[in-house]
Amino acid sequence: MAQWALYLLIFGPAGGAGVLVAARWLLPTPGPCTLMSRLGPADWSFSKSWASNITVVGALLGTILSAGVLPDTTKVSKATYAGLNLFFGVLILIAPLLYTATQNAVDVHRRQPEKETQYQGYVLAFLVASAVTLWAVVGELVTVLLLFREIRVGNSIPEPAIWVMGAIVVLACLLLARYAWTTIDTVITTECELRPARQARKREVHERMLARRSPAAASVPALEEIEPARAAWPLL
């Protein structure tokens, strides 16, 4: 494989992921949210995130490399395929750290007057982490497609089966784009819709606390909640 083609294989998915995430942020208008708006803590669970998906794809890639179905001479060396598998696997580990490493500790009120600390991140960090995750998953899927091409040339598996598997991988890429579009929108839109409610709640709390300072306000019931903590969401 030419050097430029290898660079295209590595960084092409990055460009596509960046365009999709940027388009999701810009379309439609995100309302009261900005890139520096806060999001809740990330629920770093491999069973609920794309990490589990890319783990499966990476295992598939490794299985193909070790199964002996590739011809002795390939257009791309087996060492290069193994390196690509490692590279994209590292990306999936780095992606969530981009969000969690930029979180800040924020005092939130559960029940008056108790407080607790919650680590909250930012919309910008969430978008970057999402783009890197997409980059890794798409890169792995494209690498698998190249392996299917190598198998077809080597006639290790009947060609119709190769075409079916290739079509499934392409379909997975399309479904992945749809899933990313929907998930990013859900996380950000939820926070955008809750932001005005939180601001109104803060004003209400402030007014009631001032009112309690007078004897006439003694009958005002205690507030159960001052500022609710932001809900955690699963990492992409």
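The values are calculated or read from the model by the stated rules, or taken from the named source; none is laboratory data. Computed from a prediction, not measured in an experiment: that's the story for all the values here. For neighbour counting, all protein chains shown are included, and Cβ atoms are generated from backbone atoms with ideal geometry for every residue, glycine included. Heavy atoms of the whole protein, side chains included, go into the accessibility calculation; ligands, DNA and RNA do not. Shrake-Rupley method; radii C 1.70, N 1.55, O 1.52, S 1.80 Å.
Quick look at the values:
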read-out	value
Which listed residue, of T143, T183, is buried (at least 18 other Cβ atoms within 10 Å of the Cβ) and of a type in the set (S, T, N, Q)	T143
Failed condition for T102, given (1) assigned to a helix (DSSP H, G or I); (2) at pLDDT 85 or above; (3) open to solvent by 40 Å² or more (accessible area, probe 1.4 Å)	(1)
Condition met for I188 (aliphatic (A, V, I, L, M) and buried (at least 16 other Cβ atoms within 10 Å of the Cβ))	yes
Among (1) over 30 Å from I64 (Cα atoms); (2) at pLDDT 75 or above, the one test that E204 misses	(2)
Subset of the range 5-21 [among the hydrophobic types (A, V, I, L, M, F, W, C) and touching a residue at least 40 places away in the same chain (Cβ under 8 Å)]	L6, L9, I10, A14, A17, L20, V21
Output for the range 1-16, where each listed residue is in a helix (DSSP H, G or I) and either closer than 16 Å to K75 by Cα or in contact with a Lys or Arg (Cβ under 7 Å, 6 or more places away or on another chain) (or both)	Q3, W4, A5, L6, Y7, L8, L9
